[in-house]
Every structure is written in structure tokens, then in C-alpha cells.
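Accompanying notes for the structure given below.
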Amino acid sequence: ELGEHRHYMHKEIFEQPQAVTDTLQGRTTDSAVLVSAFGHGAEAVFKQIEQVQIIACGTSYHAGLVAKYWFEDIIQMPCAVEVASEYRYRNPVIRHNTLLLTISQSGETADTLAALREAKKTQPDLSSMTICNAPESSLTRESNLVFLTHAGPEIGVASTKAFTTQLVSLALLLTAIGQVQKTLPTARETAIIKGLKKLPTLIQNALQHEPLIKEVAQLFADKNSALFLGRGTMYPIAMEGALKLKEISYIHAEAYPAGELKHGPLALIDDSIPVIAIAPKDELLEKLKSNLQEVKARGGQMIVFEDEDSDVRGDDEDLNVIKATTNVGRITAPITFNIPLQLLSYHVALIKGTDVDQPRNLAKSVTVE
Ligand code: F6R
């Protein structure tokens, strides 16, 4: 079943172009999202909601964090995101006209399910929706609306293609809400849909950098700690990169929004901690570059994932720069930049000799709290 791949994680990373194609299939026209793809009753719900509350765990939580940037930036819809194990126990205030959105690969994560149940108990007329990869699951049964990610079975414990298809689904969701509420200009909607349709090719291209990433992974052979930096949507992508690295290579990793460096973590920097920066050419790039200068001045070893227009290297020959992609859009960028980070953690794990598909202490589906 593994074919040419040594591990399920590797196979699933390479299945992502197809998984994205499958998730988009039948959900859009050439230029618009089909609101009906969200199920019977979705349009009425989308018309009345005033904010979105996302609840999830782990990697699925990171997908929610990316979506928060998108919801508020692109359709001006307030969006809050919280890990389920906190949300369920803290008596949260749920405003009227909230869409309670759970995100889950398995549909059985105990905390996510309990958070949904608690919220429904507090507000019986609450609209709930799940973005889920398991059609027959507790979350799909107990949510008003269901949008399935079509990632196919994910066997590796570390979530890869499920995350990517969750992001695609979230992009379709905000496009659908924006269409119904008329907060998304038609031209913008068309651009988003066209961008999403380009994703399989963008991901394919990003996957081709594997040999270079394999080389860079050597840097981690004798390291115990790593720091991931990003700004905007690249901050949650940095969090996801750090989670993947700790999960499968057992290297301690942290993610920080680059602007927070001087508020503490800069004290950590020396040549024993590789710093991984995600640097698309966008309106935050110049700020990120000056953060990276601060890292460099303190002897930090940096690995920069950039696009063809970023030019973080300048005349610094020593910097490890990987041109991971062409210049990508607001929605396609986080999805595309996550790919090389998946490959990086995979190759570091191979060097460390850990059990990639079955990391110690972890289960694929966390059905106990
Ligand atoms: C990390 C990972 C976990 C899951 C989390 C939620 O690679 O797989 O963090 O994302 O346990 O699981 P689901 O999405 O099934 O609710």
C-alpha cells in the first residue's frame, strides 16, 4: 500500500495535490463557490450569522487560526478560535447569531465533541457546523451542517493532508458566507476560486524542493531545539511547523510571531538553535526581514522559506534560503508554505531515527480527554 514511499506520512504528504482536487470537486463553478455544497439549510444560516467561533485541537486548531486571519481580513466577519479543552470548561459567552464551527480529521476528538455539546446546552438554538474528514462520526452526527474534507484516510499520526484540506474547506466556507452576505465582491470571489484551483499545481511544485529540504534537515542532526517564526497567517503555519517537528522528531520546537521576538525569545538565540522563518513577499516582509537581522546579529542559524520575489538573502551568501514557491495569494500562501515544513519535519525525523508514522505516546484519534 505504501508503494514507493517508506512511510504513510510521506505518502500522505505527496497525496496532497489530489486531496485538494478532491475537496474542491463539485463544490465550485469556475468562478464561484456553490453555497448548496454546504448542505440543506446552509444559506439561511449563512445569512444570519454575525460571528464565527472555531473550536478544535492540535493541527485542526492551527487550521482554525489561519482561518481567523482570512475571515476578518477578507469578509470582515469576527472570528474567534480556541482549543477545545479550554473552551469546554470555561463558561464561554456565546453571542446570538454565532456559527459554532468545529474542525476535526477524525470527528471523534473527545474535547472537541464535548465543547460542541456544552455550547449546544448553553444555547439550544445555536447553529453548528463541522469541517470533518470522517463522514460517519460523532461530530458529523451532532452538527447542524457538515462539510467533508475529502482527504481520504490519513494513517500517519501526524496530520498532513487533513490539515491542507481543512484550509481549503475553510476558504470555501468564508467565500460562501461572503457571497451570501454580499461582503465579498464578485471579482474577489472569482480570484479566490481560481487561486484554489491552482493549488494542486502549487503544492506539486513545492514538493519538488524535497532534495534541498533533505539537505537542510542535516542541520538538525545534533540540535535539541528550534524556533519557527512567521507573521500574519504564517504565524499559525509556524505553529504547525513546530508541532510537526516536535511530534515526529522529538526536537523541542516553538513558534513565535516574529514581532514578539524582542519581548523574550531573542534571549534564547545562539548558534545551537536553528531558526526557521517563513517569508512570503507580502506587506509584512520588510518587518520580518528586520526581525531576522536581529536573529542573525546574535549568531542564530537561519533557514528561510521564501517565494520567488522575497529575496531575503540579499548579499548574505551564508543564509539557507529555500525558494519554496512562486508568489502566492492571501489564501494560497499559508497552504503552500506549509508543504516544505512538513517535508522538513519528515526528513529531520528520518535523521533522528524516530518512528515517523507512530510517534511515541501519541494516538491518531484522541477519544479520551
Ligand atoms: C498533529 C495531530 C493532532 C490532531 C488533533 C486533533 O499532527 O494530528 O494534533 O490534529 O489530535 O485531531 P482531529 O483533527 O481528529 O480532531
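Straight-line cross-link partners of residue 296 among the lysines, defined as a Cα under 27 Å from its Cα and at least 8 positions apart when in the same chain: 214, 223, 244, 246, 262, 281, 287, 323, 352. Classify the stretch 236-369: rounded, prolate or oblate, from the alpha-carbon gyration tensor (a ≥ b ≥ c, eigenvalue square roots; a/c under 1.5 rounded; otherwise prolate if a/b is larger than b/c)? Prolate. Close amide H pairs (under 5 Å, H built 1.01 Å from N) link residue 255 with 228, residues at least 5 positions away or on another chain.
Amide hydrogen proximity for residue 127: with H placed 1.01 Å from N in the peptide plane, the residues at 5 or more positions away or on another chain lying under 5 Å are 98, 100. Of all aspartates and glutamates in the structure, those lying under 13 Å Cα to Cα from residue 68, and not within fewer than 8 positions of it along the same chain, are 82. Using a simple spin-label model with pseudo-atoms 7 Å out from Cα toward Cβ, residue 224 and residue 311 lie 4.1 nm apart. Using Cβ point charges alone (K and R +1, D and E -1), the dipole size of the chain about the Cα centre works out to roughly 780 debye. Applying the Karplus relation 6.51 cos²θ - 1.76 cosθ + 1.60 with θ = phi - 60° to the stretch 108-114 yields 3J(HN,Hα) values of 10, 4, 4, 5, 5, 5, 5 Hz, where x marks Gly and Pro. Helix 186-207: angle to the longest alpha-carbon principal axis of the chain, degrees 0 to 90, nearest 10? That works out to roughly 40 degrees. A straight Cα-to-Cα reach below 17 Å connects residue 194 with the aspartates and glutamates 22, 30, residues fewer than 8 places away in its own chain not being considered.
The C-alpha atoms of the chain occupy a region whose extents along the principal axes are 57, 44, 44 Å, arranged from largest to smallest. The GNM of the chain, with springs linking C-alpha atoms under 10 angstrom apart, assigns the highest mean-square fluctuation among 221, 37, 114 to 221.
Looking at the square roots a ≥ b ≥ c of the eigenvalues of the Cα gyration tensor of the stretch 67-139, which shape do they give, rounded for a/c under 1.5, prolate if a/b is larger than b/c, or oblate? Spell out each step's value before the answer.
On the way: a/c = 1.68, a/b = 1.19, b/c = 1.41.
Cα axes put the stretch 67-139 in the oblate bin.
If R0 is 41 Å, the Cβ-Cβ spacing of residue 327 and residue 121 corresponds to a FRET efficiency of close to 0.30.
Where a number appears in this text, it was derived from the coordinates with a stated rule and is not lab data. In this text the structure is predicted, and so the values were computed from the model without any measurement. Using ideal geometry, Cβ is built from the backbone for each residue, glycine included, and neighbour counts are taken over all protein chains shown.
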